[in-house]
1. Quick check on the chain: of the DSSP beta bridges with both residues there, what percent are antiparallel, nearest 5%?
2. Compare the peptides 156-167, 334-345 by average per-residue count of other Cβ atoms within 10 angstrom and give them in order, highest first.
3. Towards the positive end of the charge dipole of the chain, with charges on Cβ (+1 Lys, Arg; -1 Asp, Glu), say which of GLN148, PRO9, HIS64 has the farthest Cα.
4. Determine the dipole magnitude for the stretch 70-330: charges of +1 sit on the beta-carbon of Lys and Arg, -1 on that of Asp and Glu, nothing else is charged, the reference point is the Cα centre, and the result goes in debye to the nearest 20.
5. Work out the length of the dipole vector of the chain about its Cα centre, built from +1 on the beta-carbon of each Lys and Arg and -1 on the beta-carbon of each Asp and Glu, and round it to the nearest 20 debye.
6. Which whole-angstrom value gives the distance between the alpha carbon centres of the stretch 325-361 and the stretch 170-206?
7. Rg and Dmax in Å for the stretch 125-267, alpha carbons only: what are they?
8. State the Kirkwood hydrodynamic radius of the stretch 70-330 in Å, one decimal place, computed from all pairs of distinct Cα atoms.
Amino acid sequence: MAASTTVPPSTETFWADAERHLVRYGGEFTREIIDRAAGSFLYAADGRKILDFTSGQMSAILGHSHPEIVATVQRQVATLDHLFSGMLSRPVVDLARRLADTLPAPLEKVLLLTTGSESNEAAIRMAKLVTGRHEIVSFARSWHGMTQAAASATYSAGRRGYGPAAPGNFAIPVPNAYRPDFTTADGTLDWQRQLDFAFDLIDAQSTGSLAACLVEPILSSGGIIEPPPGYFAALQAKCRERGMLLILDEAQTGLCRTGTWYAFERDGIVPDILTLSKTLGAGLPLAAVVTSAEIEQEAHERGFLFFTTHVADPLVAAVGNTVLDVLTDDRLDERARSLGTFLRDGLADIARRHEVVGDIRGRGLLAGLELVVDRETKRSSNELGARVTRRCLELGLHMNIVQLPGMGGVLRMAPPLTVTEDELSLGLTILGKAIGDTCAAL
């Protein structure tokens with residue numbers, strides 16, 4: 001066994017070790033060694049400063065190393081970090097109560113977990129148990145996680161080569177206004193006809209065991225696609241007609257990112273089950289399932305089991321309470337709305353200057369920009385998007401792209417809610433230059 005050393009290995013040794021010992025889990029690793037992060041910026045080992053427009057993995061809504069999060073972690077880890085899963089602590093009960101207070105009735109029962117996959121797994125398991133059924137409906141561009149039931153409800157990637165998915169999973173088309181499949185006489189998306197058609201197909205395939213519909217209010221990995229107003233109310237009605245539960249996955253949209261505490265507020269509906277993750281821990285592993293007392297009671301009576309190693313852990317629950325403090329005290333919902341308008345105006349300016357920008361979409365500080373080869377035909381280009389992304393990183397901006405088959409060059413932007421206008425301006429300047437440089441090179 002090699003002796004430990006305080007001297008970091010050379011860059012060449014670092015990448016040799018990475019290539020020799022790390023399992024590759026999706027795409028190529030970014031060729032940067034990140035030493036630290038603070039606020040909206042990452043700092044690489046070579047001294048480069050990189051503006052983080054993805055909040056880490058779309059999670060660090062308070063930026064990196066937020067002083068209140070740092071203080072909470074230091075205090076809590078020194079007193080109570082982890083417990084037997086059957087024991088309770090004050091941070092856990094406090095967070096459950098406070099989360100319920102941010103939500104409309106009847107959402108009041110909370111299960112605290114670690115990741116988005118795990119929360120969706122638990123929600124699906126609960127829905128199957130309560131309804132006595134097993135069939136799950138999701139969007140055809142969904143991303144709900146990598147564990148078995150969550151992965152079976154994920155259609156944007158990762159389905160080939162792993163054997164059978166969980167039985168009874170069905171996909172419905174995404175209501176994409178920019179690329180409508182069902183259209184009205186004027187060529188706009190006819191989402192009601194699309195939804196009716198989708199459930200005609202679901203009914204034809206179902207064995208009579210429809211349990212739940214699991215969807216994101218805004219599809220993020222699917223390309224920042226927001227279903228139009230009225231869609232989710234109609235979707236919930238389809239669920240009610242069939243005795244299905246509606247599960248909303250707000251991993252990326254929950255807790256003020258879209259300008260309201262929860263994205264579903266726009267639509268005037270309340271889901272039967274809500275799942276939260278990413279933003280709840282502001283970068284630390286914390287997730288939640290929230291449901292009604294009625295559903296929780298039925299699940300309990302039927303023997304609901306989701307006893308995991310880190311369920312109801314006090315350390316991350318304390319962090320969740322601090323996240324709620326900062327969101328409330330700093331009015332970050334209002335900040336996301338105003339800065340979201342600033343970001344969208346900047347993206348619109350880029351679109352006026354660059355013909356390759358086909359569409360701008362999203363809400364609050366969750367934005368998407370779709371690059372196209374031709375605005376008239378809307379022909380997309382994965383290569384164009386990948387080149388712009390690489391050029392952004394060279395210029396000091398980390399930009400996330402949906403590099404999945406059939407999704408084209410969609411750039412995803414989710415800067416921290418603590419980002420400043422100057423930082424947004426810097427990011428927009430870099431993005432505009434990256435698009436210009438890429439187009440000139442092509």
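1. 65
2. Result, highest mean first: 334-345, 156-167.
3. PRO9
4. Details: 20 positive and 29 negative charges, 112 e Å.
Dipole about the Cα centre, nearest 20: 540 debye.
5. Working: 42 positive and 53 negative charges, 114 e Å.
Roughly 540 debye, rounded to the nearest 20.
6. That distance is 29 Å.
7. 14.9, 45
8. Computed over Cα pairs of the stretch 70-330, the Kirkwood hydrodynamic radius comes out at 18.9 Å.
The values are calculated or read from the model by the stated rules, or taken from the named source; none is laboratory data. No experiment lies behind these values; they were computed from the predicted model shown. Glycine gets a Cβ as well: all are built from the backbone with ideal geometry, and neighbour counts include every protein chain shown. Areas reflect the complete protein model, heavy atoms only, side chains present, ligands, DNA and RNA absent. Shrake-Rupley method; radii C 1.70, N 1.55, O 1.52, S 1.80 Å.
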